[in-house]
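A short write-up of the structure that comes next.
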Amino acid sequence: MADQDDPLQKIQWRPHKDTFQPAPAELGALAARYGIEPLGQADSPPQSPQVWFEHDTMRKIRRHLGRDLERELGGLLYGEVFHDPTLGVHIVIVWEALMAEQAEGSPVHIRYNEESWENINRQKRLLDPAWNQVGNYHSHPGLGVFLSGTDLANQRAFFPESWQVALVLDPVAGDEGIWAGPQGTPLDGYRLFSRKYLQ
Ligand SMILES: [Zn+2]
């Protein structure tokens, strides 16, 4: 048992207590419940993650980002995450968007200061505790939709899970784009559902 003297053998990796495991679910059954047709080609596996926004939440995001056409605005997305083990697909259900009210933004950069985080944390306490931080959203007024170097660095640092998304809107041009994961992988899009019509 010479290994017992090896200090490296004493290291025990434990999952961090915040490590979140998406609940297993069947994409087809979930899609039927939400009245959604999953995104992807008929002859290939569906894209992962599938991202579904609650209709009123998306309206709230658009209203928020349309409020300032000079400066970048943004916030965080909260909701549920499931995983279809057969298809290997994550399903992200975005239920709520919390705006970073006090964030200072320039046309190309957004800075969340202490105050904006406190604000978000206050609002977060009122959310369903089962929800997760599923990503972020922000505007690029008049600049088009893409992930900038800063956006990609933020994605790697703060939204590293493959199912954590970045939604970017240009409220001037009316364009939008969505990416996911630490590399900022582009997605085909997202789906909308209404909480009023859940099966
Ligand atoms: Zn950006």
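List of remarks:
- Residues PHE82, PHE20, PHE159 arranged by fewest to most Cβ contacts within 10 Å: PHE20, PHE82, PHE159
- Residues SER139, SER162, arranged from fewest to most other Cβ atoms within 10 angstrom of their Cβ, appear as SER162, SER139.
- Put simply, when 27-35, 54-62, 129-137 are sorted by average Cβ atoms within 10 angstrom per residue, most first, you get 129-137, 54-62, 27-35.
- Annotation for SER194 and ASP68: the two label points, set 7 Å from Cα along the Cα-Cβ direction, are 3.2 nm apart.
- Stretchable slack from LEU143 to ALA23, in nm (0.36 nm times residue separation minus alpha-carbon distance): 39.4 nm
Here, each number is a calculation from the coordinates, and none is a lab measurement. In this text the structure is predicted, and so the values were computed from the model without any measurement. Ideal geometry is used to build each Cβ from the backbone, glycine not excepted, and the neighbour counts take in all protein chains shown.
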